[in-house]
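Shown next, in structure tokens, is the structure this report addresses.
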Amino acid sequence: MLRLTPLLGVFAVALGCAQGEPLPDLPDPHGRAGMMAAVLREADGGEVIVAAGGTNFPDKPLWQGGAKKYHAEILKLARQDGGWRWRKIGELPEGLVGAAFCATPRRDGLVFAGGAAADGHRAGVWRIGLDGKVSRFGPDLPRTRAYAGFAAANGHLIVVGGTDRPDATEAIPTLTSLDLDAPAKGWRTTDADPGYGRIIPLVGAGPNLLLRAGGCSLSAKDGKPLRDYHEDLAYQSSLDSGHRFHGLPHPLAGAAGPGVATATHLLFVGGDDGSQYGHPHETHTGLARRVYAIDLEFLEVTEIGEWPHPVAVAPLLRLGDDLVTISGETRPGVRTPKLTRWPIPARYR
């Protein structure tokens, strides 16, 4: 069931957003989509954001034949001299986009798995430290994998769906997980299930609950991938599992995520509802801006506000009582450098 926040509440949220401490833009005026990011904790207890990777079209737009650039920079956002400041702290082994990622359980590093590089998909699993150093973190994924749904749940990195190559015409129909405290044990993978076979689904985890919603399944048309957008919602825990065919109010994929868990809800931002899929890139009017809360007990979906700008395929983080998006896509081929923070309404914290 979808419940809409009264208009007055939306205005109050917008006012609160305007009053929050702003975060500086990504130090790239073109912005980047598909980055990896996490809120980590320094030895002194201070919170910082570490972000890496992503792609953009720096020379000319996608629809004018612009070449996609894959970025390898590792950046840290920390408070300095009374404000937030970015600085480069390292480099990935190569430019990468669309990897699964999460913070380590001790929040002293950013783990990422798979992703897409300029010449194909990857299976490597790596850790970025607070100092920007990159090291191997356990065995590779069972197969190359990018553009999957993912979340951290009960000390594990969970990866759902995705593709194994850039021209894939079907998504990977499995869920696989890695114990972050014992990565040497390797990945555990489910049997094939068509429900897992999606790219960029919405995935999030609450206490003893994993939720997967929407995303796109793939098929072939003239030898090229064709997307089918979904609105269903599936959930599983140690006690129960289920599926709702109309779990979302409309189809949705690529929302900023993974879902941010609060005491009572999972929160997602923006995404692509498929309503303009196949339209010319240059006339696309923009991706979604809705902020959704999914109740962890009853799985009801509530629209609780609107993001200040369209956004998709961006990391969604919690910083204090605020949601934060890191750059991302505003319409196909167009990124934003903005870091946007938005106060979580008190009843959803």
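Any read-out appearing in this document is the output of simple, stated calculations on the displayed coordinates, not a laboratory observation. This one's a predicted model, so the numbers in the text were calculated from it and none came from an experiment. Note: ideal-geometry Cβ built from the backbone for every residue, glycine included; neighbour counts use all protein chains shown.
Quick notes
- For the stretch 177-270, the square roots of the Cα gyration tensor eigenvalues, ordered a ≥ b ≥ c, give a/c of at least 1.5 with a/b no greater than b/c, which places it in the oblate category.
- CD proxy at 222 nm, helix term only [per DSSP H run n ≥ 4: -39500 (n - 2.57); per residue of the chain; nearest 500]: -1000 deg cm²/dmol
- Residue with peak Gaussian network fluctuation, the chain [Cα springs, cutoff 10 Å], from Gly162, Gly65, Gly254: Gly65
- With R₀ fixed at 30 Å, the C-beta to C-beta distance from Arg107 to Ala72 puts the FRET efficiency at about 0.80.
- Contour minus Cα-Cα distance for Lys133 and Arg188 (0.36 nm per residue): 17.1 nm
- Take every Cα pair under 8 Å whose residues are at least 6 apart in sequence, average their separation, divide by the length of the stretch 2-342, and the relative contact order is 16 percent.
- Reducing the stretch 112-130 and the stretch 133-185 to their Cα centroids gives an inter-centroid distance of 10 Å.
- Positive minus negative residues near Thr262 (Lys, Arg vs Asp, Glu; Cβ under 15 Å): -2
- By average C-beta atoms within 10 angstrom, highest first, the peptides 230-236, 50-56: 50-56, 230-236
- Spatially proximal lysines relative to Lys185 (Cα-Cα < 20 Å; intrachain offsets below 8 disregarded): none
- Averaged over residues, the count of other Cβ atoms within 10 Å places the peptides 309-321, 181-193 in the sequence 309-321, 181-193, highest first.
- Glu300 versus Glu21: modelled label distance in nm, points set 7 Å from Cα along the beta carbon direction: 3.5 nm
- In terms of its alpha-carbon gyration tensor, the stretch 224-349 comes out oblate; a/c meets the 1.5 threshold, while b/c is at least as large as a/b.
- Among Asp44, Asp28, Asp131: highest mean-square fluctuation, GNM of the chain, C-alpha pairs under 10 Å: Asp44
- Overall form of the stretch 53-148 per C-alpha gyration tensor (a/c, 1.5; a/b vs b/c): oblate
- Simple spin-label estimate for Ser241 and Leu62 in nanometres, 7 Å along Cα-Cβ: 3.4 nm
- Summed side-chain charge close to Pro194 - residues other than Pro194 whose Cβ falls under 13 Å, Lys, Arg +1, Asp, Glu -1: -3
- Per-pair calculated FRET efficiency, R0 = 51 Å: Asp222 and Asp44 via Cβ, rounded to 0.05: 0.35
- Cα centroid separation, the stretch 308-348 to the stretch 52-98: 16 Å.
- Multiplying the residue separation of Asn208 and Arg85 by 0.36 nm and subtracting their alpha-carbon distance yields 40.7 nm.
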